1. How large is Rg/Rh for the chain, to two decimals, with Cα atoms and a Kirkwood Rh?
2. Quick check for you: with a 1.4 Å probe and neighbouring chains kept, what is the accessible area per residue of the chain, in Å²?
3. Can you give me the angle between helix 48-69 and the longest principal axis of the chain, using Cα atoms only, in degrees from 0 to 90, rounded to the nearest 10?
4. Could you report the accessible area of Ser43 in Å², rounded to 10, computed with a 1.4 Å probe on the protein chains as they sit in the structure?
5. Carbon and sulfur together cover what percent of the accessible area of the chain at a 1.4 Å probe radius?
Amino acid sequence: MAKLRLDSWKSIAEYLERSARTVQRWHAYLGLPVHHFDGRKGSVFAYAEEIDRWLIGLAEETRMAIKGMS
């Protein structure tokens, strides 16, 4: 089965139902899995499957942090 590839910040943002700037911050500060064609600048792409796994992992980290507070 072919992976769904998102070919721009805009398409990644639409997939996540957030703004392009928000997903850029998530990439920079929270490790959202985005691939760069030309090093750190230029065109980007992401695979929906990797983003979905990242979201699941982020949710698990959040639950563990909350559990550790109580």
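The values are calculated or read from the model by the stated rules, or taken from the named source; none is laboratory data. Worth saying up front: this structure is predicted, and the values here are computed from it rather than measured. Quick note on the areas: whole protein, heavy atoms, side chains included, nothing else; ligands and nucleic acids left out. Shrake-Rupley method; radii C 1.70, N 1.55, O 1.52, S 1.80 Å.
1. 1.04
2. For the chain, the per-residue accessible area is 74 Å².
3. The angle comes out near 20 degrees.
4. Number for this one is 70 Å².
5. 57 percent
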